[in-house]
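Reading through the structure tokens given below for one structure.
The values are calculated or read from the model by the stated rules, or taken from the named source; none is laboratory data. Treat the numbers as computed from the prediction; the structure is a model and nothing was measured. Backbone-built Cβ (ideal geometry, glycine too); neighbour counts: all protein chains shown. Accessible surface is based on the protein model in full, side chains and every heavy atom, while ligands, DNA and RNA are left aside. Shrake-Rupley method; radii C 1.70, N 1.55, O 1.52, S 1.80 Å.
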Amino acid sequence: MRIRIRRKRQKIQKLFLFTSTVYLCFLLFAAFGSSYLAPHSPTIQDLNHRLLPPLTEGRILGTDDLGRDIWSRIVYGTRPLLIIGTISVGIALAGGLLMGILAGAMGGIVDSFIMLLMDGILSFPTVLLAITVVSVLGYGLGQVTVALGIVFIPVFARLVRAETKSRLTEGYVESSRALGTSFPMILLRHVLPNMMPDIIAQSTVTFALVVVIEASLSFLGLGTQPPEPSWGLMLKESRNFLYQAPWMAIFPGVALAATVFSFNYLGDYLSEQLNPIR
Amino acid sequence: MASVPSPLEPGPNTISGQKGLRIPFFILLVRKSVRLLLTMLLIPTVVFFVLRVIPGDPALVVAGFDAPPEVVEDLKVKLGTNHPPLIQYEEWILSLAQLDFGTSLISNEPVLKLILERFPLTLSLAVAGMLCALLIAIPLGVMSAVRRWTLWDYGGMVFSQIGISLPSFWLGIILLLIFAVKYPIFPLFGGDSPWHLVLPSIALGINRGAVLLRLVRTAMIEELGKEYIITARSKGLPELAVRYRHALRNALLPVLTIAGIQFGYMLGGAIVLEQIFSLPGLGRLILSAVFQRDFPVIQGGTLFIAAVFSLVNFLVDLLYSLVNPRIRVG
């Protein structure tokens, strides 16, 4: 009985993994080939077809208050989503690598100073700090991307610093140093490749966080500006039509939750698979 | 009969397998307080950097880039940005030390007063959300751990995996859709009765509860596998007492610490949820300040929330080492 249930658990995990992968492939496809998947324009208004419920007149997921097709808006919304996620995580990763390696390799005052700075950033709730940064940079997609990149630097910096410190004390690094390998070469050949698994897993999970926070910021009116399609913005617009058109609130959220689920699950899975010791 | 030490009972120094010097609580208090003080200095520094150094001159941001120069000059004097950055920084830290957060550009009221008016609502929302999260996480987590590899456990796993993925602001909208629009049990728009806090705190709680559930499960499984549990069982204690009086108590320690850290995220989440549920809390104050370019309020509000966040972490840390002397090793 127990073994059967344990197998069941594994089956569920496999199912989750399969769904996540398929969904992420769908996202990628939707982002690159939006026009193939979406039958209507995401931005052109059609006031004769306002607030149509799902599955009427060829609108799979219905239309919004301006007559725009919700399915098409969701599909076109994948592109900004993946771009923001990739660039933000890229900024956070680049900043984190720089800070983390500097702190981990130099030690001493540099280390204390950098880590103090990182702790300073970490003492703000992420959403709040992102709002504050956006408030000075101005609203919009680019600003949010930069803001989220900055906000997540400490997460990577901490990871990289810890990894750098522990790798540098290992035997093979010392032997390599004794053989006369230069310090940058040691970082490149021994330290960086060894921390890759953790970095990949962390990036995947951070991607999910970035997606949620970008949606929250767009929901608050600070991120993507209308009429561009963005899931957060669609949820913001749905708030005034809860009575007439509940579908406006349901579908973009399902897409968002599924994205977060897939990235989270993949991140968990990767960190398990790439780190067999843990 | 002379008592024979049981081989199952841990010796005095074998707890966690660590032997260490115990630090008196007082010294620990001093150490952590110094750290808190440092953080409290660090927070305004980050805010200063973000709000005054990144944009060049905030007066320009507030007035708009095409504003006439005399308006900008006026604003510079009002915001105190007509001095070089270092002097600005010094002035700002000094005024903060006197709890002077400046005055709002829109309402001309002291920022601290505005914040203190709105903060109770945000705080109660965060506390209610945390309570909700614990009410979900502890019973479900314990059940998953006790009935490991049963339907309970795998139901818990599915719940936590999905719960983590549900953005709390979307959950808020869906709860509104169900319990305010379809079945009008709860009010659709804001107010300040506890009734208005029910839906937003559930929305906040489910997401964090899903995170904590996993922790409760892991901690509980770990505790149930320890030797003192075998001792307690062999003493003939009823299973319920073993589970809840012995194992759960110890398992809750790490969980509560993480819950304390999560509290800061609750504050962040509350900002967004206030917008959905039209609750007049600190989050809405900051957000409307962002839209109206009310610079001192953005500055003060951000600072205030970060300070509360750090204070909560400090208290949790302290409480943790107070109730769990094992942590007090240096």
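When you scan region B:206-238, how many residues do you find that are over 16 Å from B:GLY156 (Cβ atoms) and within 22 Å of the chain's Cα centre (by Cα)? First the steps, then the outcome.
In the first step, residues of region B:206-238 are kept if they are over 16 Å from B:GLY156 (Cβ atoms); the result is B:222-223, B:225-238.
Right, trim to within 22 Å of the chain's Cα centre (by Cα) and you get none.
The total comes to 0.
What single numbered condition from (1) within 14 Å of chain B (Cβ to nearest Cβ); (2) in contact with a helix residue (DSSP H, G or I) (Cβ under 9 Å, 6 or more places away or on another chain) fails to hold for A:LEU15?
(2)
Pairs under 7 Å by beta carbon, first residue within 11 Å of chain A (Cβ to nearest Cβ) and in a helix (DSSP H, G or I) in region B:274-292, partner open to solvent by 10 Å² or more (accessible area, probe 1.4 Å) and among the polar types (S, T, N, Q), six or more apart or different chains?
Taking only residues 6 or more apart or on different chains, the pairs are B:GLY283/B:GLN275; B:ARG284/B:GLN275; B:LEU287/B:GLN275; B:VAL290/A:SER135.
Scan region B:139-155 for residues that are within 11 Å of chain A (Cβ to nearest Cβ) and either within 22 Å of the chain's Cα centre (by Cα) or not charged (D, E, K, R) (or both) and jot them down.
Those that are within 11 Å of chain A (Cβ to nearest Cβ) and either within 22 Å of the chain's Cα centre (by Cα) or not charged (D, E, K, R) (or both): B:TRP149, B:THR150, B:LEU151, B:TRP152, B:TYR154, B:GLY155.
Let's see how each residue does on (1) closer than 30 Å to B:ILE206 by Cα; (2) part of a helix (DSSP H, G or I); (3) within 13 Å of chain A (Cβ to nearest Cβ):
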| residue | (1), (2), (3) |
| --- | --- |
| B:LEU60 | no, yes, yes |
| B:LYS76 | no, yes, no |
| B:ASN82 | no, no, no |
| B:SER95 | no, yes, no |
| B:LEU99 | no, no, no |
| B:THR122 | yes, yes, yes |
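Output the number of residues of region A:205-223 satisfying the condition of being open to solvent by 20 Å² or more (accessible area, probe 1.4 Å), under 15 Å from A:ILE153 (Cα atoms) and not aromatic (Phe, Trp, Tyr). Walk me through it before giving the result.
In the first step, residues of region A:205-223 are kept if they are open to solvent by 20 Å² or more (accessible area, probe 1.4 Å); the result is A:205, A:207, A:209, A:212.
Now drop any that are not under 15 Å from A:ILE153 (Cα atoms), which leaves A:205, A:207, A:209.
Those still in the list that are not aromatic (Phe, Trp, Tyr) too: A:205, A:209.
Residues that pass the stated criteria total 2.
Out of the residues in region A:244-257 that are open to solvent by less than 30 Å² (accessible area, probe 1.4 Å) and either part of a helix (DSSP H, G or I) or within 8 Å of another protein chain (Cβ to nearest Cβ) (or both), which is nearest to B:GLN161 (Cα to Cα)? Give the derivation first.
Taking region A:244-257 first, the residues open to solvent by less than 30 Å² (accessible area, probe 1.4 Å) are A:245, A:248-249, A:252-253, A:255-257.
Filter once more, keeping what is either part of a helix (DSSP H, G or I) or within 8 Å of another protein chain (Cβ to nearest Cβ) (or both): A:248-249, A:252-253, A:255-257.
Details: A:MET248: 25, A:ALA249: 22, A:PRO252: 19, A:GLY253: 16, A:ALA255: 16, A:LEU256: 15, A:ALA257: 11 Å.
Selected residue: A:ALA257.
Would you please name the residue that is surrounded by the fewest Cβ atoms within 10 Å (Cβ to Cβ), looking only at residues in region A:232-243 that are of a type in the set (A, V, I, L, M, F, W, C) and either closer than 15 Å to A:TYR76 by Cβ or more than 9 Å from chain B (Cβ to nearest Cβ) (or both)?
Top of the filtered list is A:PHE241.
If a residue counts only when it is open to solvent by less than 30 Å² (accessible area, probe 1.4 Å) and within 14 Å of chain A (Cβ to nearest Cβ), which helices (runs of 4 or more DSSP H) contained entirely in region B:158-243 have at least 2 such residues?
Of the helices (runs of 4 or more DSSP H) lying wholly inside region B:158-243, those with at least 2 residues that are open to solvent by less than 30 Å² (accessible area, probe 1.4 Å) and within 14 Å of chain A (Cβ to nearest Cβ) span B:168-176, B:198-224.
Here is a check on your reading of the model: is A:PRO229 buried (at least 21 other Cβ atoms within 10 Å of the Cβ), in contact with a helix residue (DSSP H, G or I) (Cβ under 9 Å, 6 or more places away or on another chain) and assigned to a loop (DSSP other than H, G, I, E, B)?
yes
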